[in-house]
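Structure first, commentary second.
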Amino acid sequence: MKNKLEDYILTIPNVLTDTLCKKVIKELKKADWGDGNYYTRRKDWNKKSGCPSGTFDTLPSDQDIKDGIWKAIHKYVIEELKFHWFAHWDGFSALKFHRYRKNQFAEKHCDQYAQIFKKGIPILSIIGSLNNNYEGGELIFFKDKEYKLKAGEILMFPSNFLYPHKVMPVKKGARYTYVSWVY
């Protein structure tokens, strides 16, 4: 077992290739983001409540991202933490994409979302980065632990009240990421 909370925040490099990241961003630039800074490929995602309610509108890159996530979960749990006894997770939630443009940010929060409880209690949070060509947008945990993900990397951490985090305002460009939760 690790001694510090931050020891359970792990960056996993090269989960997605640069080519795949660029392909996903190209697909996302064509997406209907509505008024918000998040997008999901669910046909009937309720933008007001932020909850999924139906079928997926999948695109070719979805399976490649999902394959990368499965490998990252294995690396986090089995290889890095060496929790061989914790190898029986049921899956992960639908991909939710975030686009933060200039001056956009995310308030401090923890990842315990009620809509995921229908499938199971979220146990791990996943944040994947799709690009580097922006300024600002740092991910901050606790009071001052900063993470700046590179394109293709995933950051994983427990989904509970002990891991509050926020995204600092983007200063230039647009920050593209995706999130999911293991249950």
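When the Karplus curve 6.51 cos²θ - 1.76 cosθ + 1.60 is applied with θ = phi - 60°, which whole-Hz ³J(HN,Hα) does each residue of the range 139-146 get, with x for Gly and Pro?
Per-residue couplings from phi come out as 8, 10, 9, 6, 8, 8, 7, 9 Hz.
What FRET efficiency, computed as 1/(1 + (r/R0)^6) with R0 = 30 Å and r the Cβ-Cβ distance, is obtained for GLU107 and GLU135, rounded to the nearest 0.05?
Step by step, r from the Cβ atoms, then E = 0.90.
Count neighbours as other Cβ atoms within 10 Å of each site's Cβ, and list the trypsin sites (Lys or Arg not before Pro) in the range 135-181 that are DSSP loop with at most 12 such neighbours.
LYS143
Along Cα→Cβ, 7 Å out, is where each label goes; now give me the distance between the ones at ASN160 and ASP62 in nm to one decimal.
That separation, rounded to one decimal, is 3.2 nm.
Which ³J(HN,Hα) values, rounded to whole Hz and listed in residue order, are derived for the range 16-32 from phi using the Karplus coefficients 6.51, -1.76 and 1.60 in 6.51 cos²θ - 1.76 cosθ + 1.60 with θ = phi - 60°, glycine and proline given as x?
Values per residue, Gly and Pro as x: 10, 6, 4, 4, 5, 4, 5, 5, 5, 4, 4, 5, 5, 5, 8, 6, 8 Hz.
Among ILE69, ILE9, ILE126, ILE140, rank each residue by its count of other Cβ atoms within 10 Å, from fewest to most, as a rough exposure measure.
With the sparsest Cβ surroundings first, the list reads ILE140, ILE9, ILE69, ILE126.
Throughout, read-outs are computed from the coordinates displayed, never taken from laboratory work. What you see is a predicted model; the values in this text were computed from it and never measured. Here Cβ is always computed from backbone atoms with ideal geometry, including for glycine, and neighbour counts include all displayed protein chains.
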